[in-house]
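First comes the structure, then the notes that go with it.
Read-outs: derived from the displayed coordinates by stated rules, not from any lab. Note that the coordinates shown come from a computational prediction; the quantities given were computed from them, not determined experimentally. FYI the Cβ positions are ideal-geometry reconstructions off the backbone, even for glycines, and counts take in every protein chain you see.
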Amino acid sequence: MTVQHFLTLNDLPADELRLIIDNAIKLKSQLRNHTAGKPMVGKVLAMIFEKSSTRTRVSFEAGTAQLGGSALFLSPNDTQLGRGEPVEDSARVISSMVDIIMVRTFAHSKIETFAKYSKVPVINALTDHYHPCQLLADMQTYVEQRGDIAGKVVAWVGDGNNMCNSYINAAAQFDFELRIACPKGFEPDASLCRRHANRISITQNPRDAVSGADLVTTDTWASMGQEEEKQLRIAQFKGYQVNHELMSLAASNALFMHCLPAYRGMEVSAELLEDENISVVWDEAENRLHAQKALMLHLLQLAT
Ligand code: CP
Ligand code: NVA
């Protein structure tokens with residue numbers, strides 16, 4: 001039997017992604033009503049983090065515990081991976097002892113190698129190239145707040161980074177139009193853009209991208225691993241801040257999302273981030289918990 005991984009949103013068909021979102025909403029209500037089951041009893045999640053995290057770690061660890069399973073936090077400081085043991089060997093060994101693995105790392109090729117050698121499902125918890133778990137939470141949040149996202153217009157303002165690449169995949173899988181506004185030289189993955197040219201457009205004018213949009217989203221201008229470029233990037237992204245003035249061009253009931261952590265006064269104004277009529281960032285963050293619980297159950301073929 002082939003093992004089902006989740007390295008990008010393209011690893012699952014659109015109908016299964018929608019089912020995961022529906023199940024995430026169901027799990028959220030079960031947690032609130034104290035009617036949740038423990039389908040992961042006896043199951044172990046290994047969590048490999050080569051980069052920092054708050055939301056991803058807490059949501060996977062708490063989510064696994066809530067489902068009755070247990071989670072192991074593995075950092076490169078404490079494992080042989082950090083001392084140079086090959087990814088192939090680490091994958092074979094770790095996957096022989098646990099039921100499911102999540103990996104946050106730098107190069108996307110590293111998680112692909114890990115998955116190739118893993119006997120159990122591997123989940124991408126962020127690479128330099130993609131952040132698909134965040135997109136599950138974002139899609140759940142939109143559905144909860146506004147209903148189906150199919151046919152809507154989403155504006156991405158800022159760096160063409162891992163989140164932006166995952167938004168491009170989401171546009172295809174969840175059937176929406178994506179308008180990307182980014183400075184020259186900060187465009188998302190070129191081959192992804194070519195593949196999805198029918199649904200995405202790229203501009204250097206945030207106002208054009210946001211005009212009439214149903215959802216506006218952004219992310220930090222300097223991702224993990226780009227700390228040394230931070231000052232240079234602040235200068236290059238001038239004019240790309242999402243704030244009330246920019247949001248006033250969007251549809252009247254448009255939402256604002258940000259995967260967090262946010263840098264107030266940089267990619268988003270403090271006032272917009274805290275405006276609960278527009279900004280749904282706290283729900284979005286909480287939904288990481290519910291969406292990833294639904295994802296793990298799906299990959300483990302366990303009922304919600
Ligand atoms: N959004 C997100 O993945 O946050 P963390 O880096 O805190 O996990
Ligand atoms: N683009 C950001 C997302 C953080 C969740 C980064 O990679 O650091």
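Assorted remarks:
- Here the extension length gained between LYS38 and LYS110 equals 22.7 nm, from 0.36 nm per residue of separation less the Cα-Cα distance.
- Highest average packing first - 268-276, 161-169, 21-29, Cβ atoms within 10 Å: 161-169, 21-29, 268-276
- Cα gyration tensor shape of segment 150-219, rounded if a/c is under 1.5, else prolate or oblate by comparing a/b with b/c: oblate
- For segment 1-159, averaging the sequence separation of C-alpha pairs within contact (under 8 Å, six or more residues apart) and dividing by the residue count gives a relative contact order of 26 percent.
- Label point distance in nm, ASP208-GLU88, each placed 7 Å from Cα along Cα→Cβ: 4.7
- Beta bridges assigned by DSSP with both partners in the chain are antiparallel in approximately 0 percent of cases.
- For the chain: relative contact order, % (alpha-carbon pairs under 8 angstrom, 6 or more apart): 21
- Two numbers describe the Cα atoms of segment 133-185: Rg and Dmax, which are 11.1, 35 Å.
- Packing rank of 49-57, 193-201, 206-214, 284-292, where each peptide gets the mean count of other beta carbons within 10 Å, highest leading: 284-292, 206-214, 49-57, 193-201
- Separation between Cα centres of segment 283-304 and segment 231-277, rounded to whole Å: 28
- Computed [θ] at 222 nm, deg cm²/dmol, the chain (DSSP H ≥ 4; -39,500 (n - 2.57); rounded to nearest 500): -12000 deg cm²/dmol
- Projecting label points 7 angstrom from Cα along Cα→Cβ for SER248 and ALA150 puts them 3.6 nm apart.
- Each label was represented as a point 7 Å from its Cα along the Cα-to-Cβ direction; for GLN80 and LEU31 these points are 3.6 nm apart.
- Peptides 183-191, 113-121, 100-108, 243-251 ranked from most to least packed by the mean count of surrounding Cβ atoms within 10 Å: 100-108, 113-121, 243-251, 183-191.
- Two-site FRET efficiency, ALA190 against LEU232, from Cβ-Cβ distance with R₀ of 30 Å, rounded to 0.05: 0.85
- Note on the chain: along the principal axes its Cα atoms extend 52, 45, 34 Å, ordered by decreasing extent.
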